[in-house]
1. Residue by residue through region 165-178, what is 3J(HN,Hα) from phi via Karplus (6.51 cos²θ - 1.76 cosθ + 1.60, θ = phi - 60°)? Round to whole Hz and write x for glycine and proline.
2. Taking the number of other C-beta atoms within 10 Å as the exposure measure, put 162, 155 in order starting with the fewest.
3. Within region 3-203, how many Lys pairs that are eight or more residues apart, or on different chains, come under 23 Å at the alpha-carbon?
4. Just want the ordering: 201, 156, from fewest to most Cβ atoms lying within 10 Å of their own Cβ.
5. Taking 8 Å as the Cα distance limit and 6 or more residues as the minimum spacing, I'd like the relative contact order of region 94-184 as a percentage.
6. Could you run the Karplus curve 6.51 cos²θ - 1.76 cosθ + 1.60 with θ = phi - 60° over region 18-30 and give me ³J(HN,Hα) per residue in whole Hz, x for Gly and Pro?
7. Using the charge dipole of region 121-194 (Lys, Arg: +1 at Cβ; Asp, Glu: -1 at Cβ; taken about the Cα centre), state which of 130, 152, 192 has its Cα farthest towards the positive end.
8. Work out, step by step, the length gained on full extension between residue 81 and residue 157: first 0.36 nm times the residue separation, then minus their alpha carbon distance; give nm to one decimal.
Amino acid sequence: MDAKAHWETIYASRAPDTVSWYRPHLETSLALIELAAMGNKSASIVDVGGGESTLVDDLLARGYANVTILDVSQIAIDVTKNRLGRAAERVGWITADITDAQRKLPACHVWHDRAVFHFLTKAEQRMAYVRNVAETVKPRGHVIVGTFGPEGPTMCSGLEVMRYDAESLHDQFGTHFRLVTSKELHRTPTGSIQQFLYCYCRVE
C-alpha cells in the first residue's frame, strides 16, 4: 500500500480526536511559529501534514492571513475544510506527497511540520523532503520540524518511524540551517506519553 492509500485509510476509519498525534491545540508549534513570524501576520506559512490538525484554526484566530496546508490525504483536508466552514476560503490547500520532487510549493517564510518527517524511513525520501525545504523557504526564513525524540515510539499508525535527537535531526538539514531545539511530552488520547523533539532552524 502506498503512502496516500495508507493515510486515506487511517483518516477514513478514525475520528480526528482519536489518532495518537491529536492535541486540541499545538501549543509548542504555535509558540515557535509566532517566534519565527516576529509579529508579521502576513508571513507566509506552510504546514506540512496539516491534515486534520487544529493548527490552522488557531493561526487564523491569531490573524495570520497567508497559510497553506499540505497533506497527502484528501479526506483529512476535507475534514478540516468542513470544520472551518467559510474560513477555509482564506487558506491554501494542497493534496500531495511532500517527497514528490515534481511538486513545487509556494515560497514561504515559515515551514512547519509536526509528525511527518519521522515517517520518512528511506534516505531518498528525506533527501527529497529537504530539497523541497531548500527550494521553498525564503532566505532568513524558518523551518520548524517536530519528530519523535530518542525515547519516542518506533511504530506509529502501523508504520515504522525514525527517532531523532537534536544533532541527528539537524544533520538531516545541513549546516546552512541554524539550530534551536525544543522538547515536548505529548499525551495521546489514550493516555500514553510520547516524546517529541522540535528542530527549529533559520535558513542562513
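Here, each number is a calculation from the coordinates, and none is a lab measurement. Bear in mind the structure is a predicted one, so any value in this text is a computation, not a measurement. Every residue, glycine among them, receives a Cβ derived from its backbone with ideal geometry; neighbour counts consider all protein chains shown.
1. Going residue by residue, I get 9, 4, 5, 5, 6, 4, 4, 5, 9, x, 6, 7, 10, 7 Hz, with x marking Gly and Pro.
2. If I rank by nearby Cβ atoms, fewest first, I get 155, 162.
3. 8
4. Numbers: 201 24, 156 17.
Ordered by Cβ neighbours within 10 Å, fewest first: 156, 201.
5. 30 percent
6. Listing the rounded values in order: 10, 6, 5, 8, 5, 9, x, 9, 8, 4, 5, 4, 4 Hz.
7. 130
8. 25.0 nm
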